[in-house]
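Below: one structure, written as structure tokens.
No lab work stands behind these numbers, since they all come straight from the coordinates. Just so it is clear, the structure is predicted and the values come from calculations on it, not from any experiment. Reconstructed Cβ throughout: ideal geometry from the backbone, glycine too, with neighbour counts over all protein chains shown.
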Amino acid sequence: MKVLVIGGGGREHAIVWSLRRSPQVTEVVCAPGNGGIAEIARCVPVDVNDLAAMANLAATEKPGLTVIGPEVPLALGIVDELERLGLRVFGPTKAAARLESSKAFAKSFMQRNGIPTAAYAVCSTLDQVRRELARFTTPVVVKADGLAAGKGVVICDTHAEAEQAAAEMFSGALLGKTEAEVVLEEFLTGEELSFFALCDGTHAVEIASAQDHKRVGEGDTGPNTGGMGAYSTDGIATPAMRQWLLRNVAQKVVDGMKAEGTPFKGILFCGLMMTSRGPMVLEFNTRWGDPETEAILLRMETDLCDLFNASIDGTAGQLAVKMRPGASACVIAASGGYPGKYASGRVIHGLTPNQSREDMVVFHAGTAAKDGQLVTAGGRVLAVSAMAPDLRSALDKAYAELGKISFEGMQFRRDIGHRALRG
Ligand code: AMP
Ligand code: GLY
């Protein structure tokens with residue numbers, strides 16, 4: 001079967017790498033892909049913000065299966081569009097993707113369906129923000145309603161700061177686009193956990209859990225990024241907790257979405273804060289996480305095609321997702337200056353071809369081939385991922401490989417997994 005993968009980051013490289021190991025897959029096309037993906041799949045340029053261009057490409061390629069990586073095409077309705085063309089596609093419809101594309105929708109959905117989440121208020125004017133703020137202690141969290149690539153959440157120490165953040169979201173000063181609504185939210189403390197479930201409209205089955213490292217600096221300091229590294233282990237959550245999350249979060253989402261006439265199919269990524277009052281949902285994503293996927297797919301034993309097919313065909317209830325025991329970790333090598341301004345086109349040295357290895361893969365997040373050399377082409381450049389019987393060994397393996405790689409301005413965190421190691 002020919003598979004088309006939409007996207008071009010580390011997550012998509014991991015998906016393509018995993019698909020290439022499936023005996024069911026004869027050809028993988030990735031759009032737009034990147035320098036690393038081009039070594040194992042045919043890459044075709046496409047703008048993932050352009051629905052018509054993606055639909056045209058799929059209509060031309062006629063894949064047996066299309067997999068959508070990033071959130072933007074899902075929010076635009078790529079799944080609805082490809083289904084109209086009679087194609088098999090993995091991911092949620094535009095209506096179901098609102099769990100990620102509208103924070104106001106996600107919050108009210110959780111409230112209607114008894115899913116634990118922080119207290120909140122949705123506001124559409126600054127007057128309303130001022131009035132509602134009186135109900136919140138500080139710090140208070142202000143969130144843009146729409147997709148914001150990780151930049152739409154501001155934690156504010158005072159009400160005045162919160163008012164200003166909301167004003168800048170309404171005016172477009174913060175995100176470059178105006179927001180019709182902002183969400184005020186109670187500030188929660190605890191450890192964060194990313195819980196991934198496969199959904200087929202009726203059933204939710206557990207895939208795995210992981211922990212991301214969102215801040216750019218060691219010790220969780222500095223500005224938020226798309227994610228500087230992740231790990232996934234057997235023991236990251238107890239079996240009882242995983243059962244609880246499956247039943248009280250993921251399955252409730254699937255039941256609620258079905259009851260509301262917008263069944264949810266695809267990956268449900270539950271971003272959780274493990275508070276002293278119990279787990280609370282910070283956000284839903286309706287796709288694989290990046291860089292969590294680079295860690296999780298290294299450990300996954302189940303054929304990724306079986307996962308995608310079970311979601312599309314409504315048979316996820318019969319699928320047991322198997323993960324290899326032990327641990328996996330992913331460390332991001334980023335461009336100097338990221339998440340702010342950074343340079344592109346820096347030559348990357350020290351990469352060894354390793355695509356056939358089972359336990360260590362350097363996934364490419366933002367690279368391009370130029371004049372026969374690989375160069376940097378993004379903020380996050382490489383996702384160095386390794387698997388081992390325990391987390392310490394997985395991290396040692398990833399850092400050893402990273403030590404061979406260099407490009408001008410390269411930065412990475414040396415403390416990925418620090419919470420688990422401190423234990
Ligand atoms: P989100 O995009 O909603 O996941 O938010 C991005 C990050 O902001 C999360 O990973 C948390 O670190 C932080 N965050 C979001 N909501 C809250 C909250 N209610 N309390 C504390 N931190 C939060
Ligand atoms: N790692 C967070 C995300 O994919 O949104």
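Scanning region 276-297 for residues that are of a type in the set (D, E, K, R), within 13 Å of ligand 1 (Cβ to nearest atom) and over 8 Å from the mean Cα position of the chain (by Cα) turns up 277, 283.
In region 174-192, the residues that are more than 19 Å from residue 140 (Cβ to Cβ) and of a type in the set (Ser, Thr, Tyr) form no Cβ pair under 9 Å with any partner that is in a loop (DSSP other than H, G, I, E, B) and within 14 Å of ligand 1 (Cβ to nearest atom), whether six or more places apart or across chains.
Of these, 317, 266, which one is surrounded by fewer than 23 Cβ atoms within 10 Å (Cβ to Cβ) and either touching a helix residue (DSSP H, G or I) at 6+ places or on another chain (Cβ under 7 Å) or within 15 Å of residue 205 (Cβ to Cβ) (or both)?
Details: 266 fails: surrounded by fewer than 23 Cβ atoms within 10 Å (Cβ to Cβ).
Unique residue meeting the criteria: 317.
If the condition is being among the β-branched types (Val, Ile, Thr) and within 16 Å of ligand 1 (Cβ to nearest atom), then region 25-78 contributes only 72. Only a single item in (1) surrounded by fewer than 17 Cβ atoms within 10 Å (Cβ to Cβ); (2) within 21 Å of residue 419 (Cβ to Cβ); (3) among the hydrophobic types (A, V, I, L, M, F, W, C) is not met by residue 347, and it is number (2).
Scanning region 171-207 for residues being away from ligand 1 (no atom under 14 Å from the Cβ) and either of a type in the set (Ser, Thr, Tyr) or farther than 18 Å from residue 144 by Cβ (or both) gives a total of 14.
Considering only region 106-133, how many residues are among the hydrophobic types (A, V, I, L, M, F, W, C), in contact with a helix residue (DSSP H, G or I) (Cβ under 8 Å, 6 or more places away or on another chain) and not in a helix (DSSP H, G or I)? I'd like the intermediate steps shown before the answer.
In the first step, residues of region 106-133 are kept if they are among the hydrophobic types (A, V, I, L, M, F, W, C); the result is 106, 109-110, 115, 118-119, 121-123, 126, 129, 133.
Next, only the ones that are in contact with a helix residue (DSSP H, G or I) (Cβ under 8 Å, 6 or more places away or on another chain) stay: 106, 109, 115, 121-123, 126, 129, 133.
Remaining after also requiring not in a helix (DSSP H, G or I): 115, 121-123.
Number of matching residues: 4.
Looking only at residues in region 105-115 that are surrounded by 22 or more Cβ atoms within 10 Å (Cβ to Cβ) and touching an Asp or Glu at 6+ places or on another chain (Cβ under 9 Å), which one is nearest to residue 162 (Cα to Cα)?
At the first step, the residues of region 105-115 found to be surrounded by 22 or more Cβ atoms within 10 Å (Cβ to Cβ) are 106-107, 110.
Then drop every residue that is not touching an Asp or Glu at 6+ places or on another chain (Cβ under 9 Å), which leaves 106-107.
Values: 106: 21, 107: 19 Å.
Here the answer is 107.
The selection criterion, being surrounded by fewer than 14 Cβ atoms within 10 Å (Cβ to Cβ), on the phi < 0 side of the Ramachandran plot and aliphatic (A, V, I, L, M), does not hold for residue 361.
Within region 60-70, take every residue that is in contact (Cβ under 8 Å) with a residue 60 or more places away in the chain and in contact with a Leu (Cβ under 6 Å, 6 or more places away or on another chain) and give me the one that is nearest to residue 9 (Cα to Cα). So that I can check it myself, show each step before the final result.
Taking region 60-70 first, the residues in contact (Cβ under 8 Å) with a residue 60 or more places away in the chain are 62-70.
Next, from what is left, pick out any that are in contact with a Leu (Cβ under 6 Å, 6 or more places away or on another chain): 63, 66, 68.
Numbers: 63: 20, 66: 16, 68: 12 Å.
Only one residue fits best here, namely 68.
Reported count of residues in region 31-52, each being loosely packed, with under 15 Cβ neighbours inside 10 Å, hydrophobic (A, V, I, L, M, F, W, C) and within 23 Å of the chain's Cα centre (by Cα), is 1.
Restricting attention to region 176-192, does a residue exist that is over 23 Å from residue 390 (Cβ atoms) and within 16 Å of ligand 2 (Cβ to nearest atom)? First the steps, then the outcome.
Going through region 176-192, the residues over 23 Å from residue 390 (Cβ atoms) turn out to be 176-190.
Narrowing further to those that are within 16 Å of ligand 2 (Cβ to nearest atom): none.
Scanning region 176-192, I find no residue that is over 23 Å from residue 390 (Cβ atoms) and within 16 Å of ligand 2 (Cβ to nearest atom), so the answer is no.
Is region 215-226 home to any residue that is among the basic types (Lys, Arg) and in contact (Cβ under 8 Å) with a residue 24 or more places away in the chain? The answer is no; no qualifying residue exists.
Of all residues in region 116-146, those satisfying the criterion of being crowded, with 21+ Cβ neighbours inside 10 Å, aliphatic (A, V, I, L, M) and under 25 Å from the mean Cα position of the chain (by Cα) are 140, 142, 144.
Of the strands (runs of 3 or more DSSP E) lying entirely inside region 313-382, those containing at least 3 residues that are touching a residue at least 40 places away in the same chain (Cβ under 8 Å) and within 21 Å of residue 395 (Cα to Cα) are 327-334, 360-364. Restricting attention to region 193-214 and to residues that are more than 16 Å from ligand 2 (Cβ to nearest atom) and in a strand (DSSP E or B), the residue that is surrounded by the most Cβ atoms within 10 Å (Cβ to Cβ) turns out to be 199. Of the strands (runs of 3 or more DSSP E) lying entirely inside region 1-95, those containing at least 3 residues that are over 16 Å from residue 309 (Cα atoms) and touching a helix residue (DSSP H, G or I) at 6+ places or on another chain (Cβ under 7 Å) span 27-32. For region 208-223, the condition of being in contact with a strand residue (DSSP E or B) (Cβ under 9 Å, 6 or more places away or on another chain), basic (Lys, Arg) and within 16 Å of ligand 1 (Cβ to nearest atom) holds for at least one residue. Would you be able to say whether some residue in region 368-384 is in contact with a Cys (Cβ under 6 Å, 6 or more places away or on another chain) and not charged (D, E, K, R)? Looking through region 368-384, at least one residue is in contact with a Cys (Cβ under 6 Å, 6 or more places away or on another chain) and not charged (D, E, K, R).
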